[in-house]
Amino acid sequence: MTGKKNRDTGTNEKEPTLSQSRPQDLSADPATIRMIARARELQIETIFDRAQSLKPCSIGAQGTCCQNCGQGPCRLPLVEKGQAEADRRKGLCGASAETIAARNFARMIAAGAAAHSDPGRSVAETFLAAARH
């Protein structure tokens, strides 16, 4: 693996590497498995390779990274167990880590509900039509 200079930072970066996972471990879809295998034959990096090379953000995984406004992101890691003093850390808006986690959870629920609202609307319209007749 050779390193290359990053123009912006001047640091050496490793070239992307293809994942060592078996294609059938990355997807259950036969067409996707064939696509992954073919991309590897051609040494083309895929989203599956990039996903395995990224280290997840531990703060984002806790749900305490707030990106709801243009002032952030505010990143407040959860308090470690055994910490006696109350957590006084707050985001720019004054939200605690618990508030940020609750907001993020509520936004995920709203997004999921919005994504599935059309079938619910159809059912409601059917019930209304049946009730009117």
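Applying the Karplus relation 6.51 cos²θ - 1.76 cosθ + 1.60 with θ = phi - 60° to the range 30-41 yields 3J(HN,Hα) values of x, 5, 5, 4, 5, 5, 5, 4, 5, 4, 5, 4 Hz, where x marks Gly and Pro. What fraction of the Cα pairs in the range 34-133, stated in percent, has a spacing above 15 angstrom? It works out to 76 percent of all Cα pairs.
Since every read-out is calculated from the coordinates, none of them should be taken as a lab result. Nothing here was measured: the structure is a model prediction, and the numbers come from that model.
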